[in-house]
Amino acid sequence: MADTYVRERSTEGRKDLRYPAAPEPLVVPVYDNHAHLEITDGVEPLSLTEQLDRAEAVGIAGVVQASGDIESSRWAVDAAASDPRVLAAVAIHPNDAPTYAAEGSLDEAIAVIDELAAHPRTRAIGETGLDYFRTDEPGRPAQHESFEAHIALAKKHGIAMQIHDRDAHDDVLETLTRVGAPEKTVFHCFSGDEAMARVAADAGYWLSFAGNITFKNAQNLRDALKVTPLERILVETDAPFLTPVPLRGRPNAPYLVPLTVRFMAAELDVDVDELCARLAANTLAVYGPFA
């Protein structure tokens, strides 16, 4: 399965589809908290093993493989079972939940996620949550139903939950408060502002920052990072998306995490090795050991 993919990333509007050169390795290894390695990208797609080998060579010790539907969730579990550098996160993505609901199969799909969540290499439910950017009002009840069902699964299996939150900050926070958040709740690719970061951190959630924190128009993310306690920070790629500046638009991969980590360290005015040690400890606290 390492050489098969679930889908291919669109090339529309992208000029350079070459994978970038490897950055300077990190001295203290960290983990990519959220990636989609089942999506092929670039002019020379990388297999799972190639992705992980490149990552390991620059100090990325492991990857949490996230999911969005039944097929990608099964792929994630297979990947985690085949390589100790991978842990699985399984879920129905909020933008896919209305489709399953319209087909009358949302409950069945969530039941499959429940089965996959029982695998010992599955350490998170994700990504789940709410997305008001791509889903209009008619599809939102299905998103809410799915989100609450996924929260229940994370609690049932005693594993973490990765939240997808796009243009739905208030409703995501309200749902977590009303239903009760899992003990280990992560805002994947945190997209809020300083005020939301304070609320999330005070509630005991983890905030995961991706390459878009380097984008010129992302001052809200940099402000959020600076008020988040170090013990609540994670790093991710969301690969193959959100490649950090100056490589924006090119294929992203776990081996590019050092670019984001060094940017974050500069923003926080902390030593890179110190930040890496904290990021690694946080990741293991959320997901448990990789091997």
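The values are calculated or read from the model by the stated rules, or taken from the named source; none is laboratory data. Here the structure is a predicted model, which is why all the values come from computation and not from measurement. For neighbour counting, all protein chains shown are included, and Cβ atoms are generated from backbone atoms with ideal geometry for every residue, glycine included. Note: accessible area is taken over every heavy atom of the protein model, side chains too, but ligands, DNA and RNA are not part of it. Shrake-Rupley method; radii C 1.70, N 1.55, O 1.52, S 1.80 Å.
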Stretched out fully, how many nm does the piece from residue 284 to residue 231 gain, at 0.36 nm a residue minus the Cα gap?
17.9 nm
Can you send over the solvent-accessible area of residue 71, 1.4 Å probe, protein chains only, in Å² to the nearest 10?
110
Under the 7 Å Cα-to-Cβ spin-label approximation, residue 174 and residue 82 lie apart by a distance in nanometres of 4.3
Taking the Cα centre of the stretch 60-155 as the origin, how large is its charge dipole in debye, to the nearest 20, when only Lys and Arg (+1) and Asp and Glu (-1) carry charge on their Cβ atoms?
520
Let's see if you can work this out: charge +1 on each Lys and Arg Cβ, -1 on each Asp and Glu Cβ, no other charges. What is the dipole magnitude of the chain about its Cα centre, in debye to the nearest 20?
560
Rank 93, 72, 117 by how far each Cα sits towards the positive end of the charge dipole of the stretch 60-156 (+1 on Lys, Arg Cβ; -1 on Asp, Glu Cβ) and give me just the farthest.
117
Among 283, 106, 176, whose Cα lies farthest out toward the positive end of the dipole of the chain, if unit charges sit on the beta carbon of Lys, Arg (+1) and Asp, Glu (-1)?
283
Can you give the calculated 222 nm mean residue ellipticity of the chain, where each DSSP H run of n ≥ 4 adds -39,500 (n - 2.57) and the sum is split over every residue, rounded to the nearest 500 deg cm²/dmol?
-11500 deg cm²/dmol
Over the stretch 115-175, what relative contact order in percent results from Cα pairs under 8 Å that are six or more residues apart?
46
For the chain, with every protein chain kept in place, what is the accessible area per residue (1.4 Å probe, Å²)?
41
Using a simple charge model, +1 on the beta-carbon of Lys and Arg, -1 on the beta-carbon of Asp and Glu, nothing else, what dipole does the stretch 172-257 show about its Cα centre, in debye to the nearest 20?
280
What number, in percent, do you get for the relative contact order of the stretch 76-138 if the mean sequence gap of Cα pairs under 8 Å and at least 6 apart is divided by its residue count?
43
Share of accessible surface on carbon and sulfur in the stretch 19-62, whole %, 1.4 Å probe and ligands ignored, is 51
Between 273, 223, 170, where does the largest GNM mean-square fluctuation fall for the chain, given springs only between Cα atoms within less than 10 Å?
170
If a/c stays under 1.5 just call it rounded; otherwise compare a/b with b/c (prolate if a/b is bigger, oblate if not). Do that for the stretch 132-230, with a ≥ b ≥ c from the square roots of the Cα gyration tensor eigenvalues.
oblate
In nm, to one decimal, how far is the residue 102 label point from the residue 11 one, both placed 7 Å along Cα→Cβ?
2.9
Restricting attention to the stretch 170-245, which trypsin sites (Lys or Arg not before Pro) occupy a DSSP loop and are surrounded by at most 12 other Cβ atoms within 10 Å?
216
Remind me, relative contact order of the stretch 1-70 in percent, using alpha carbon pairs under 8 angstrom and six or more residues apart?
42
Efficiency of FRET between residue 27 and residue 119 - r from beta-carbon atoms, R0 45 angstrom, step 0.05
0.85
Given a Förster distance of 22 Å, the FRET efficiency implied by the Cβ-Cβ spacing of residue 277 and residue 57, rounded to the nearest 0.05, works out to 0.65
Probe 1.4 Å, all protein chains present, accessible-area order of 245, 272, largest first
245, 272
Which entry in [x] 17.5, 52; [y] 29.9, 98; [z] 22.0, 71 matches Rg and Dmax of the Cα atoms in Å derived from the coordinates of this structure?
[x]
Say each of residue 245 and residue 18 gets a label point 7 Å from the Cα, pointing the same way as Cα to Cβ; how far apart are those two points in nm?
2.3
For residue 267 and residue 199, compute 0.36 nm times the residue count separating them, minus their Cα-Cα distance, and round to one decimal in nm.
22.4 nm
Here the residues of the stretch 239-258 lying in the modelled label zone of residue 43, meaning backbone nitrogen under 13 Å from a point 7 Å along Cα-to-Cβ, are 251
If you keep only loop residues by DSSP, which chymotrypsin sites (Phe, Trp or Tyr not before Pro) in the stretch 50-143 have at most 14 other Cβ atoms within 10 Å of their Cβ?
133
